[in-house]
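To keep things clear, I will list the structure first and then write my remarks on it.
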Amino acid sequence: MSEDQVEKLLKRLETAWTAFTASYAGLPDAQLMEPGVAGDWSVKDILAHVTTWEEEALKHLPLIIAGGRPPRYVTAYGGIDAFNARMTAEKRGLSLADVRRQLDDTHRRLIAFIERAPASQLTRETRARRRLRLDTYSHYPIHTSMIQEWREQRHPGEGR
């Protein structure tokens, strides 16, 4: 697979990431901590959630690329919703600064992983590419929309 295809993948991921980070850019810390963006989640909780799924990608992609299969969330945690609830509860106590740091560090590690990974595993439709897509560039827009909608409803015109 060519470097062009890897660059195209990285560009796709970066475009979705940029839209995600823009969705909360300019909001004061107090607003980032307000619950109600998605259920009782705040923007801070969403940032921690996105980090969790990038961490999951980093944990499971090497196994998938090697031909293995990660444990199923339904078996290991009682399903995706239960996993999300557990991870949210675990990260709720983190400071906003820690959540931001983890978000940035994890995203940097993910990009570095993609740059090093076998291109053939990520530039065509493979189990690894599907996992990457679900955990990242098709996941970010879900939360981008949530934040944008909340922002418009709660804080119209602020920070823009």
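The values are calculated or read from the model by the stated rules, or taken from the named source; none is laboratory data. Keep in mind that this is a model prediction, so the values were computed, not measured. Virtual Cβ from ideal backbone geometry, glycine too; neighbours counted across all protein chains shown.
General remarks:
- The set of residues from the range 36-85 being within 13 Å of the chain's Cα centre (by Cα) and small (G, A, S) comprises A48, A57.
- Among (1) surrounded by 15 or more Cβ atoms within 10 Å (Cβ to Cβ); (2) at pLDDT 95 or above; (3) in a helix (DSSP H, G or I) - the single one I142 does not satisfy: (1)
- Which listed residue is under 19 Å from Q148 (Cβ atoms) and either in a helix (DSSP H, G or I) or touching a residue at least 24 places away in the same chain (Cβ under 8 Å) (or both), from T21, T51: T21
- None of G36, G78 is within 20 Å of I147 (Cβ to Cβ) and in a loop (DSSP other than H, G, I, E, B) except G36.
- Any chance P62 is out of contact with any helix residue (DSSP H, G or I) (no Cβ under 7 Å at 6 or more places or on another chain) and either part of a helix (DSSP H, G or I) or under 16 Å from W150 (Cβ atoms) (or both): yes
- Selection from the range 125-139 of residues that are over 15 Å from Q5 (Cα atoms) and either in contact with a Ser or Thr (Cβ under 7 Å, 6 or more places away or on another chain) or part of a loop (DSSP other than H, G, I, E, B) (or both): T136, Y137, S138, H139
- Taking the range 81-124 as the range and being in a loop (DSSP other than H, G, I, E, B) and either of a type in the set (A, V, I, L, M) or closer than 14 Å to E56 by Cα (or both) as the test, the residues that pass are L94, A117.
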